[in-house]
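The values are calculated or read from the model by the stated rules, or taken from the named source; none is laboratory data. Quantities reported herein were computed from a predicted structural model and do not represent experimental measurements. Ligands, DNA and RNA are excluded from the accessible area calculation, which covers all protein heavy atoms including side chains. Shrake-Rupley method; radii C 1.70, N 1.55, O 1.52, S 1.80 Å.
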Amino acid sequence: MSYTELLSPIHQFLKCRTPEQWIEEAIKPENLSVILIDHLICELKAAQSAMYLIRKYAVDKESGDALLEWLKPFEDFAYRKEGNWRELVKHNTLTKSMLPKSGTPYGQDLIDKMVLLIKEELHHFYQVLELMDEFNVPYENITSSRYAKGMIRHVTSYEPDTLIDKLIIGAYIEARSCERFAAIAPHVDKRLGDFYVSLLRSEARHYQDYLTLAEEIAGGDISERVKFFGEKEAELISTPDADFKFHSGVPTI
């Protein structure tokens, strides 16, 4: 499949394209550090979100504890600046099989898709650290953008709609990431551009996995909720935003 074919359903799914003003800002050399560091944290947060869904909805306490242990070295590095980032590649393994807890309506498919997503996001986390090392970008803590919070505040408070909404949001975050990697790849250093292109297939699959899970769990038509969150997402992307980040809106700086 060509990248054009890969991106076609992404562009149809998203309610707007990334504004040119954001692309212009993102490819400025002086913004490389914020783009890379924010990308790094986004990969970890994607892994954490997937882990949360498995722990809350699908597995027993023992499996949940194994998930926490898996992510701990990555969280220690990102939030507490503990450990050597070069050692993280050895920690991207899950020590036990994840089995559904008894009585859960959410089965092995949710677990399998989210475990694969976590593994890939943590691998990307390490790859971004390698790039930061190559480009002499030191790691530092940065604040989160308004993007994910701007969608999460619209999540329904009763189940299974809460889970369905979170899966739809996950689909939009992954789809937007895919679209933005493709948008900036031709305009940056070749090493960086090649890396962004290499991420497109997994990000596109992640968006489809989230959407498929949402449809399966709903057991019916979710097009209205998908449309609702699509409009909220597009609003966050296409309105002025003073805080420039990977998922920010139109830069006002």
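Determine the alpha carbon to alpha carbon distance for each of LYS28/LYS190; LYS81/LYS245; LYS15/LYS232; LYS166/LYS245 and list only those over 19 Å. Where the Cα-Cα span goes over 19 Å, the pairs concerned are LYS81/LYS245; LYS166/LYS245.
Rolling a 1.4 angstrom probe over the chain with all protein chains present gives an accessible area of which 52% lies on carbon and sulfur atoms. Once the gyration tensor of the Cα atoms in the stretch 2-43 is diagonalised, the equivalent ellipsoid follows with semi-axes of 24, 14, 10 Å, ordered largest first.
Over every Cα atom in the stretch 1-132, the radius of gyration and the widest Cα-Cα span, Dmax, amount to 17.5, 53 Å. Taking the centroid of alpha carbons for each part, the stretch 173-216 and the stretch 87-133 are 18 Å apart. Within straight-line reach of LYS96, meaning a Cα separation under 20 Å, sit the following lysines at least 8 residues removed in sequence or on another chain: LYS56, LYS61, LYS72, LYS113, LYS119. Only Cα sites of the stretch 211-253 enter the Debye sum here, all with the same form factor; the resulting log10 I(q)/I(0) across q = 0.20 1/Å is -0.66, listed in q order.
Per-residue ellipticity at 222 nm computed for the chain from its helices equals -22500 deg cm²/dmol, with DSSP H segments shorter than 4 residues left out and the rest contributing -39,500 (n - 2.57).
Residues whose amide H falls under 5 Å from that of PHE244, counting only those 5 or more places apart or on a different chain, are absent, with hydrogens built in the peptide plane. Solvent exposure of the chain, expressed per residue, is 47 Å² of accessible area, with all protein chains present and a 1.4 angstrom probe.
A Cα-only calculation for the chain places Rg and Dmax at 17.8, 53 Å.
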